[in-house]
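Encoded as structure tokens, the structure appears first; notes follow it.
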Amino acid sequence: MIIDSTEETTRKIRELPQDQEEHPLTDEHDRLRVVAGVFVCDDRVLACRRAAGRSAAGHWEFPGGKIDNSETPEQALRRELFEELAVAARIGRLLDRSTTRVGAHTIDLACYLIGDHHPAPSTSTDHDQLRWQPVADLLDLDWAKPDLPAVAVLMAGADHSDGRPDPRRR
């Protein structure tokens, strides 16, 4: 598989429209701590499209959500994946952490690789479509602005394994 250079990927991301309405969260705080899970299987990534009637409707993202005050990022992500996808997941290593200004908020998004999970994600409470998108084709989707830095990391060829062998290949 041929992956664009980091420079080419960055150029493509800069060309994307930046006027999306993104994950609204609260008006009470400027900085919002958010986590997302990056499921990778056979050079495909789980992408989730926000459902109609939700903020950022029609845009693609990695599943996840806000971190409650009493939670660690890993606890929040485990909870969010169970609530949204009905999946029990092992949280892997941090893939990317970035901050993105969206409207009046700064989104502090930490994206973690997802290790073992059961069952395979097939439906979502927040999304109208789930798709296993080839890494090389991630920019074919209309991504929510906060997720773009993690998309760039994946497309730049970063190691997206969680450090454990694939159980299907044992």
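The values are calculated or read from the model by the stated rules, or taken from the named source; none is laboratory data. All values reported here derive from a predicted model rather than from experimental measurement. Here Cβ is always computed from backbone atoms with ideal geometry, including for glycine, and neighbour counts include all displayed protein chains.
Going residue by residue through segment 63-74, is there one that turns out to be polar (S, T, N, Q) and under 24 Å from V135 (Cβ atoms)?
Let us first name the residues in segment 63-74 that are polar (S, T, N, Q), namely 69-70, 72.
Now drop any that are not under 24 Å from V135 (Cβ atoms), which leaves none.
No, segment 63-74 contains no residue that is polar (S, T, N, Q) and under 24 Å from V135 (Cβ atoms).
Tell me, which residue of segment 48-107 that is part of a loop (DSSP other than H, G, I, E, B) and of a type in the set (D, E) is surrounded by the most Cβ atoms within 10 Å (Cβ to Cβ)?
Step one: list which residues in segment 48-107 are part of a loop (DSSP other than H, G, I, E, B), which gives 51-59, 62-63, 67-72, 86-87, 103-104.
If we keep only those that are of a type in the set (D, E) as well, we get 68, 71.
On the way: D68: 11, E71: 16.
Going through the qualifying residues, I end up with E71.
Which of the following residues is in contact with a helix residue (DSSP H, G or I) (Cβ under 8 Å, 6 or more places away or on another chain) and either among the basic types (K, R) or more than 26 Å from D142 (Cβ to Cβ) (or both): I91, I67?
I91
Out of D27, D68, report the one residue that is modelled with pLDDT under 55 and more than 25 Å from G157 (Cβ to Cβ).
Numbers: D68 fails: modelled with pLDDT under 55.
The conditions single out D27.
How about segment 29-44: which of its residues are under 16 Å from P146 (Cβ atoms) and in a strand (DSSP E or B)?
R31, L32, R33, V34, V35, A36, G37, V38
Give R78, R97, R90 a once-over and let me know the one that is among the basic types (K, R) and under 14 Å from V151 (Cα atoms).
Values: R78 fails: under 14 Å from V151 (Cα atoms); R90 fails: under 14 Å from V151 (Cα atoms).
Just one listed residue meets the conditions, R97.
Going by the structure shown, is D137 outside any strand (DSSP E or B) and under 16 Å from the mean Cα position of the chain (by Cα)?
So D137 passes the test.
Quick check: is even one residue across segment 66-80 under 16 Å from H118 (Cβ atoms) and in contact with a Ser or Thr (Cβ under 9 Å, 6 or more places away or on another chain)?
Scanning segment 66-80 turns up no residue that is under 16 Å from H118 (Cβ atoms) and in contact with a Ser or Thr (Cβ under 9 Å, 6 or more places away or on another chain).
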